[in-house]
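A short write-up of the structure that comes next.
The values are calculated or read from the model by the stated rules, or taken from the named source; none is laboratory data. This is a predicted model, so every value here is computed, not measured. Neighbour counts run over all protein chains shown; Cβ positions are idealised from the backbone, glycine included. Accessible surface is based on the protein model in full, side chains and every heavy atom, while ligands, DNA and RNA are left aside. Shrake-Rupley method; radii C 1.70, N 1.55, O 1.52, S 1.80 Å.
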Amino acid sequence: MNVQQLTEDVKAALQKREQHAEDHAAARAAGMLVKEQTALKALLTKQSAELAKQGEELSSLRGDLKRLQRAHDRQSSGGFPWGLVLLAGGAYALYRSNPSVRAQVDGALERLNPGPEGNLTRAADAAKGAVQNLVQGRSPAEDLQSAGGELRRAGEKTVDSVGEVVDQADHKAQEGVDKLKRDT
């Protein structure tokens, strides 16, 4: 056997092994893709069931609200607002039993907070909006300005509260000095 023939045989063997390795890698990748798609399908099925359940609860609440509204409309003016009490009780029960409703209510309350925490929450929301706009190819300028304004207001509120604490401490220190002068 000559060197050229041996080289050709080695090349052919290497190409055959390379093709086999590529086929094997493609088969493994396809298997992994099937597993991921199966897991994704299971997750989506579970989420779909949860959404359907929440939709049923929401539909039931809407029906209850319509019945209460009709009953209220039929009721004469005056008297205790039992419908409102029942509606508040139903809303509270939904808040206590449904984590997604609780998270939405808690998030809304954080955004309504007039303190620096509320400003920081609103700044974070604006920053998220800026990122989404940037990803979607839109200008994030308005959201970034909003985030900056909220951060500025949070800083101002923090500085004001620290200033009040310093003023109170200064006032108490002055009272202590005055008392010490009177006592001596």
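For the reader, a short list of remarks on this structure follows.
- Within the range 133-152, residues that are closer than 8 Å to Ala123 by Cα sit with their Cβ atoms under 6 Å from residues that are in a helix (DSSP H, G or I) and open to solvent by less than 100 Å² (accessible area, probe 1.4 Å), at 6+ positions apart or across chains, in these pairs: Ser146/Ala126; Ala147/Ala123; Ala147/Ala126; Ala147/Ala127; Glu150/Asn119; Glu150/Arg122; Glu150/Ala123; Leu151/Ala123.
- Ala173 vs. criteria modelled with pLDDT under 85, surrounded by 10 or more Cβ atoms within 10 Å (Cβ to Cβ), over 26 Å from Asp106 (Cβ atoms) and not acidic (Asp, Glu): yes
- Set side by side, the residues Gln37, Gln4 differ, and just one is part of a helix (DSSP H, G or I) and exposed (fewer than 10 other Cβ atoms within 10 Å of the Cβ), which is Gln4.
- Within the range 105-119, the set of residues being assigned to a helix (DSSP H, G or I) and open to solvent by 30 Å² or more (accessible area, probe 1.4 Å) comprises Val105, Asp106, Ala108, Leu109, Glu110, Arg111, Leu112, Pro116, Glu117.
- Any chance Glu142 is of a type outside the set (Val, Ile, Thr) and at pLDDT 80 or above: yes
- Of the criteria (1) touching a Pro at 6+ places or on another chain (Cβ under 6 Å); (2) farther than 30 Å from Ala126 by Cβ, which one Leu180 fails: (1)
- Restricting Leu43, Leu87 to those that are more than 21 Å from the chain's Cα centre (by Cα), at pLDDT 80 or above, open to solvent by less than 100 Å² (accessible area, probe 1.4 Å) and not charged (D, E, K, R) reduces the list to Leu87.
- When we screen Arg28, Arg122, Arg102, Arg17 for residues that are in contact (Cβ under 8 Å) with a residue 24 or more places away in the chain and either in a loop (DSSP other than H, G, I, E, B) or open to solvent by 60 Å² or more (accessible area, probe 1.4 Å) (or both), the only hit is Arg122.
- The criterion of being over 24 Å from the mean Cα position of the chain (by Cα), modelled with pLDDT of 85 or more and either open to solvent by 100 Å² or more (accessible area, probe 1.4 Å) or among the aromatic types (Phe, Trp, Tyr) (or both) does not hold for Arg74.
- Among the residues of the range 132-170, those that are loosely packed, with under 12 Cβ neighbours inside 10 Å and hydrophobic (A, V, I, L, M, F, W, C) comprise Val135, Ala141, Val159, Val162, Val165, Val166, Ala169.
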